[in-house]
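Read through the structure below, which is laid out as structure tokens, and then see the notes.
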Amino acid sequence: MEHRDVDFNILLATDSYKVTHYKQYPPHTSKVYSYFECREQRTDPAENRKIKYNEAVFYGLQYILHKYLKGKVVTPEKIQEAKEVYREHFQEDVFNEIGWKYILEKYSGHLPIEIKAVPEGSVITRGNVLFTVESTDPECYWLTNWVETILVQVWYPITVATNSREQKRILAKYLLETSGSLEGLEYKLHDFGYRGVSSQETAGIGASAHLINFKGTDTVAGIGIIKKYYGTKDPVPGYSIPAAEHSTITAWGKDHEKDAFEHIVRQFPNVPVSVVSDSYDIYNACEKFWGEDLRSLIETRGADAPLVVRPDSGKPLDTVLKVLEILGKKFTPSENSLGYKVLPPYIRVIQGDGIDIYSLLEIVEGMKQHRWAIENIAFGSGGSLLQKLSRDLLSCAFKCSYVVTNGLGVNVYKDPVADPNKRSKKGYLSLHRTHSGEFVTLEEGRGKLGEHGADLLCTVFQNGKIVTTYTFDEVRDNAKLKDEDLLP
């Protein structure tokens, strides 16, 4: 699996201040050991959030290792380039040229570090260790925290996957309550985020993280990331359907919106087709065009090829309820065994405007109150799914917990007086499951006593080689919803 970016220079992929840190550790330091976690939530009574994010889905480290850290990443040319950049950048020679030349000569440019991590896709309670990093050569103690910058960027796929899974949990809960079945769940939240992210790489990483939980995406970049860096048993890990955009409707002119609708529906008779219907008047489109003029055409479509009506403006909950109400008058709904209304199988709705985890929760709750089954609807989410996130959402942090100085191991930590939530862990760490199934992080090397069973952290990277990998199917399996996730 050779997918490394040859133009990438690890010597230039760190925060500026880290270039000077090799001079700052205590003299005769021979090891630095650090860890990554999603810190526990702040216990702030003022923040009475509906969405708790008590757990995190661990995902994306494998991508970073393959793309940026494995193999020969140090070359004479990269050392020279970094030396020149940092001389100008700092206006002084502070670059550790000797240290990097040592790695080039002794390890042929491979990084002498070991990374242990939980399996990708694992759903871990916040406040537990997710991976550890340590130097494997006493001369390269400074390397552990040099790679912090690039490794902590795993916050992004972790956060997308976690937020997406939380939305899946909400959808599953309401599907069960209003339909009694989870059928179609993995197509209920479609990724509309390609144009809303900051780069092609963001699109690929974010889309792949969403596909852990769902199978619907329009962000094609995610497919390539998964196939290259993980692999699946399926030819592709994500699917889509033909769909209209405003240009394919408005190109017909305002007076021919109905003709546009009819043409598009006829073009795709055997697969689901989504038609954006708010170019002018969504309610007229539902009542007159779909509900009257084209009604007989829609009624000929099969359950596996429904028309999916897409509103794209207005207040999401109000619009969805009004669209369902109009369609319900024109296409008589049935009542399912739980007493909720279901439109005929040849017509459905997708709400793709203004969808984030909060509006999604509001809509499914509103539909439930108005006795509409959640099987009538799917959602599309763009910027809120892939872009409107930060490292702070899950409090992702990387901290040093153990060093060896003058041959003596020392458990180290931080404990800021002004913020107890930022207290860090001490010593060698391991992750275990208790008999009741809860996760626990053991500090100060206590996991080596063996009293809590096997350490869930396993070596994934050692001295430039990736030693453990996961397929995307394994990632999905690790992250799947469990029965307890659906409890109120």
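The values are calculated or read from the model by the stated rules, or taken from the named source; none is laboratory data. Here the structure is a predicted model, which is why all the values come from computation and not from measurement. Ideal geometry is used to build each Cβ from the backbone, glycine not excepted, and the neighbour counts take in all protein chains shown. To get the accessible areas, we keep the full protein, side chains included, count just its heavy atoms, and leave off ligands, DNA and RNA. Shrake-Rupley method; radii C 1.70, N 1.55, O 1.52, S 1.80 Å.
Each principal axis of the Cα cloud of the stretch 332-393 was taken in turn, and the coordinate range along them, longest first, works out to 45, 22, 14 Å.
Here each label is just a point 7 Å from Cα along the line to Cβ, and for Asp415 and Arg195 those points are 5.4 nm apart. Taking 1.002 mPa s as the viscosity and 20 °C as the temperature, the Stokes-Einstein diffusion coefficient of the stretch 110-243 based on its alpha-carbon Kirkwood radius rounds to 126 µm²/s.
The residues neighbouring Ala303, those whose beta-carbon lies less than 13 Å from its own, together hold a net charge of -2 under the Lys/Arg +1, Asp/Glu -1 convention. Sorting the segments 147-154, 300-307, 444-451 by their mean number of nearby beta carbons within 10 angstrom, highest to lowest, gives 147-154, 300-307, 444-451.
Dipole magnitude for the stretch 140-196: computed about the Cα centre from +1 point charges on Lys and Arg Cβ and -1 point charges on Asp and Glu Cβ, it is near 80 debye. Within the accessible area of the chain, the carbon and sulfur atoms contribute 49%, probe 1.4 Å, all protein chains present. A protection proxy built from the mean count of other Cβ atoms within 10 Å ranks the segments 425-431, 23-29, 469-475, most packed first, as 425-431, 469-475, 23-29.
With every protein chain left in place, what is the accessible area per residue of the chain in square angstrom, probe 1.4 Å?
That works out to 45 Å² for each residue.
Shown is the FRET efficiency for Lys254 and Lys448, computed with R0 = 60 Å from the Cβ-Cβ distance and rounded to the nearest 0.05: 0.25.
The sum of -39500 (n - 2.57) across all DSSP H runs of n ≥ 4, divided by the residue count of the chain, sets its helix-only mean residue ellipticity at 222 nm to -8500 deg cm²/dmol.
One chain, two ends: Lys23 and Val440. Fully extended at 0.36 nm per residue, the span grows by 146.6 nm beyond their Cα-Cα distance. Look at (1) -0.67, -1.34; (2) -0.70, -1.17; (3) -0.86, -1.44: the one that is log10 I(q)/I(0) by the Debye sum over Cα atoms at q = 0.09, 0.13 Å⁻¹ derived from this structure is (2). The lysines within cross-link reach of Lys106, meaning a Cα-to-Cα straight distance under 22 Å and a gap of 8 or more places when in the same chain, are Lys23, Lys31, Lys70, Lys72, Lys78, Lys83, Lys465. I want the local charge near Tyr346. Using Cβ-Cβ distances under 9 Å, sum +1 for each Lys or Arg and -1 for each Asp or Glu among the other residues. The answer is +1.
Both radii come from the Cα set of the stretch 67-137: Rg as radius of gyration, Rh as Kirkwood radius; their ratio Rg/Rh reads 1.12.
DSSP bridge analysis restricted to the chain gives an antiparallel fraction near 70%, rounded to the nearest 5.
Hey, with R₀ at 22 Å, roughly what FRET efficiency would Ala303 and Tyr239 work out to, going by the Cβ-Cβ distance, to 0.05?
Details: r = 17 Å, r/R0 = 0.78.
Efficiency computed from Cβ-Cβ geometry: 0.80.
Would you mind getting me the FRET efficiency between Leu12 and Arg295? Use the beta-carbon distance for r and R0 = 41 Å, nearest 0.05. Efficiency for this residue pair is about 0.10. The label point for Leu487 and the one for Thr75, both projected 7 Å from the Cα toward the Cβ, are 5.6 nm apart.
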